[in-house]
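Accompanying notes for the structure given below.
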Amino acid sequence: MKNNCIFCAIAAGELPSFKIYEDDVVLAFLDINPFSNGHVLVIPKNHSEGLLDADDALLSDVIVRVKKVAMHIKESLSCDGFNILQNNGEAAGQTVKHLHFHIVPRLAGDDLRFVSAKGDMEKLAALAESLRMA
Ligand code: AMP
Ligand code: ZN
């Protein structure tokens, strides 16, 4: 756990999140400024800043979880597709320096341009409740 890292604090349960999946390796929760309905972040519980400093064996475990959560989101929301985004470095738009994978649900013809809007906390709470995995 790294000091002053908000995703480490979320993983440790010290900050709240709209959690939908958790196991020993990752935590998945709703992005509070979503690109689309059901936009989820999957983070490893172990801190690394981005892809390049992450442990290879851990990455293998994480991507399998990304797949599992994406499958659940696709089935639950009946979306037509999804984007996986993973930003590294400020120049690439990374704002939180703890490795994370975005799962962004897509609908055919949604014309999404990756401009986020502030999320409605009540709607996010209800959505997280409906998406929570066993
Ligand atoms: P990135 O731009 O790839 O670093 O993405 C960071 C993402 O984390 C952004 O989409 C933010 O909306 C999201 N985010 C920041 N703080 C929180 C939080 N406390 N809970 C959920 N999502 C967050
Ligand atoms: Zn961290």
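The values are calculated or read from the model by the stated rules, or taken from the named source; none is laboratory data. The structure presented is a predicted model; accordingly, all values stated were derived computationally and were not measured. So basically every Cβ, Gly included, is an ideal-geometry build from the backbone, and we count neighbours across all protein chains shown. These accessible areas exclude ligands, DNA and RNA; they are computed on the full protein's heavy atoms, side chains included. Shrake-Rupley method; radii C 1.70, N 1.55, O 1.52, S 1.80 Å.
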Once both axes come from the Cα atoms, what is the angle between helix 121-131 and the longest principal axis of the chain, in degrees from 0 to 90, rounded to 10?
90
Most to least accessible of SER60, SER17 (protein chains only, probe 1.4 Å):
SER60, SER17
Round to a whole number: what % of the accessible area of the chain belongs to carbon and sulfur, probe 1.4 Å?
52
With just the Cα atoms defining each centre, how far is the stretch 85-134 from the stretch 33-83? Give it in Å.
10
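Under a 1.4 Å probe, what is the accessible area of the chain per residue, stated in Å²?
That works out to 57 Å² for each residue.
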Note down the net charge around GLN94, summing +1 for each Lys or Arg and -1 for each Asp or Glu among other residues with Cβ under 14 Å from its Cβ.
-3
For the stretch 2-131, fraction of C-alpha pairs farther apart than 21 Å, in %:
37
Free-by-geometry Cys in the chain, Cβ-Cβ under 4.7 Å as pairing rule, reported as CYS79
Taking the chain as the reference, fit the longest principal axis to its C-alpha atoms, fit the long axis of helix 56-77 to the helix C-alpha atoms, and give the angle between the two in degrees, 0 to 90, nearest 10.
20
Once both labels are modelled 7 Å past Cα along the beta-carbon direction, what's the ARG106-ARG132 spacing in nm?
3.1
So how much slack lies between LEU15 and ASP80, counting 0.36 nm per residue of separation and subtracting their Cα-Cα distance, in nm?
20.2 nm
Plugging the Cβ-Cβ distance of ASN3 and ALA117 into 1/(1 + (r/R0)^6) at R0 = 25 Å yields, to the nearest 0.05, a FRET efficiency of 0.20
Cut-off under 15 Å on the C-alpha distance; same-chain residues fewer than 8 positions from LYS19 excluded. Which aspartates and glutamates are left, in chain and number order?
ASP31, GLU122, GLU129
